[in-house]
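Worksheet for the structure shown next.
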Amino acid sequence: MRSFLFLAFLLLAVVAPDPARADELPRIGFLGARLAASGKPGEGASVRRVVDKSEAERIGLTTSDKILTLNGRAIDTGLDVENFFDRQPADARIALEILRDGKRLKLEATVPAWPRENFSGLEYSYDFVRNHKGQRLRTIVTRPAAATGKLPAIFLVGWLSCDSVEYPFGARSGLDQLVAYLVKDSGYAVLRMDKPGVGDSEGVCAEADFKSEITGYEAAFKSLEKYSFIDPERIAVVGLSNGGGFGPLAAAGPQIKGYIAVGSWGRTWYEHMLAIERQSRIANGVEPGKINSDLKMLADFYRLYLIEKQTPKEILSAHPEWKSIWDDGETTQYGRPAAFYQQLHDLNLGQTWAAVKVPVLVLRGEYDWIMPREDGYAIVESVNKSAQLAKYLELPRVSHGLSQFDSLAATTQSGRGEYFKPVEGTVAEFLKTVLK
């Protein structure tokens with residue numbers, strides 16, 4: 001009897017699933033409607049796009065409609081759209097209240113799963129890692145299907161916004177197209193991770209601080225070890241926008257052969273924010289005198305916000321005269337919590353980049369007013385303090401999103417510009433050099 005019990009226990013130990021991995025991270029749902037929030041209580045969000053053959057099309061949504069509520073909750077702000085409307089799980093039953101031709105209507109739907117990305121010629125591994133909160137974060141590892149032997153790998157560190165790095169419907173922005181190029185055409189294995197509250201990843205993006213994001217990236221980087229087709233000694237880090245600044249914090253070690261930082265930063269977040277406030281006003285044609293007046297107030301505002309760690313709501317309650325310079329949330333900015341930026345300001349990226357002893361390529365668009373030149377060049381100055389390993393390259397007439405425009409002012413107007421495709425060759429040449 002003891003032998004039988006021992007054999008049964010041994011069998012269970014071999015075949016029983018790991019409790020931590022027993023349930024695959026479920027897919028997020030996708031109704032098939034893209035919304036633009038009004039930002040005004042009770043005015044809902046306009047339907048800007050209805051995807052062909054989607055559930056939104058099946059129930060009759062049109063681009064003339066406004067979504068007022070979902071399951072009784074108002075959909076008025078960008079945060080409502082990003083963190084509630086777009087975060088319904090697959091197979092969820094939802095009730096919509098819409099406004100059409102001045103009349104309120106009710107619609108019901110069952111939200112299907114978000115389709116998986118399926119670029120041809122690739123093999124996909126969908127998995128997840130956990131951050132320090134235990135939240136499961138989606139990872140996607142791709143490799144060329146025809147590849148043999150161990151491949152060098154690209155570890156992607158993404159942007160600040162709550163946008164996925166997965167493209168089931170193709171890439172749209174210039175940054176997205178660069179990522180798609182790396183995934184489809186670089187010839188390397190590529191690991192991507194969606195931050196908390198994005199794509200399939202658990203959590204709420206508007207509540208996800210920097211620690212919850214960076215610990216996810218650290219876990220994702222460590223997970224590279226388990227893929228037998230990846231050469232653990234040949235890895236390059238590609239950081240985009242905000243992620244380019246803290247790339248060496250997300251992934252470091254002797255296996256890293258090089259870093260690319262695209263439209264990124266290497267100064268304090270306080271300096272960065274004052275620079276973006278100035279450059280955005282220049283790009284929008286604001287008069288110089290008004291710019292200087294605003295910056296005097298903003299210098300104090302960001303000191304209280306980033307250094308004294310107050311929320312915008314607390315600051316504006318004490319200084320109502322500053323309301324004219326703030327058009328974002330009471331406790332959030334760009335869809336992320338105040339704590340996220342306060343933690344970014346606590347970083348010492350000068351020290352971080354000065355410790356990097358491998359080649360670094362810093363790319364910045366000439367018309368990038370989101371990450372001014374001084375932000376990116378600070379990375380070069382820190383790395384090259386001890387050895388000339390970093391190179392700075394400016395892309396002509398290119399915006400932060402890697403699209404080319406006729407002028408700086410044109411980047412603030414409607415229209416996406418044209419993707420600056422030559423950036424692919426620049427990135428490919430650097431990767432070929434460091435991953436040889």
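Structure notes:
- Each Lys and Arg Cβ is given +1 and each Asp and Glu Cβ -1; about its Cα centre, the chain then shows a dipole of about 680 debye.
- Under 5 Å between amide hydrogens, built in the peptide plane, is the criterion, and for Ala390 it picks out Val360, Asn384 among residues at least 5 positions away or on other chains.
- Placing unit charges on each Cβ (+1 for Lys and Arg, -1 for Asp and Glu) gives the chain a dipole about its Cα centre, and among Met371, Ala180, His319 the Cα reaching farthest toward its positive end belongs to Ala180.
- Whichever aspartates and glutamates have a C-alpha closer than 12 Å to that of Lys391, once near sequence neighbours (fewer than 8 apart) are set aside: Glu381
- Protection proxy ranking, highest mean first, for peptides 234-240, 205-211, 219-225: 234-240, 205-211, 219-225, where packing is the per-residue count of other beta-carbon atoms within 10 Å, averaged.
- Take every Cα pair under 8 Å whose residues are at least 6 apart in sequence, average their separation, divide by the length of region 103-204, and the relative contact order is 33 percent.
- Spin-label model distance (nm) - Val286 vs Asp346, 7 Å beyond Cα toward Cβ: 2.9
- Heavy-atom accessible area per residue - the chain, 1.4 Å, Å²: 46
- Normalised contact order of the chain, rounded percent, pairs of Cα under 8 Å and 6 or more residues apart: 12
- Reach of Lys290 by Cα under 23 Å, taken over lysines that are not fewer than 8 positions away in the same chain: Lys323
- Region 355-424: GluC sites (Glu not before Pro) in DSSP loop, at most 11 other beta carbons within 10 Å: none
- Whole-percent carbon and sulfur share, accessible surface of region 263-335, 1.4 Å: 51
- Simple label model, 7 Å out from Cα along Cβ direction - Glu233 to Glu381, nm: 3.7
- For region 326-334, putting each phi into the Karplus relation 6.51 cos²θ - 1.76 cosθ + 1.60 with θ = phi - 60° gives couplings of 10, 10, 10, x, 6, 10, 9, 8, 6 Hz, in residue order, rounded to whole numbers and with x for Gly and Pro.
- Computed label-point distance, nm, for sites Lys436 and Tyr126 using a 7 Å Cα→Cβ extension: 3.9
- On full extension, the segment bounded by Lys323 and Glu418 gains 30.6 nm, given 0.36 nm per residue less the C-alpha separation.
- Dipole in debye (nearest 20) - region 64-191, about Cα centre, beta carbon charges: Lys, Arg +1; Asp, Glu -1: 280
- Of Tyr259, Leu393, Ala171, farthest towards positive along the dipole that unit charges on Lys, Arg, Asp, Glu beta carbons give the chain: Tyr259
The values are calculated or read from the model by the stated rules, or taken from the named source; none is laboratory data. Worth saying up front: this structure is predicted, and the values here are computed from it rather than measured. Note: ideal-geometry Cβ built from the backbone for every residue, glycine included; neighbour counts use all protein chains shown. Surface accessibility is based on the protein's heavy atoms, side chains included, excluding ligands, DNA and RNA. Shrake-Rupley method; radii C 1.70, N 1.55, O 1.52, S 1.80 Å.
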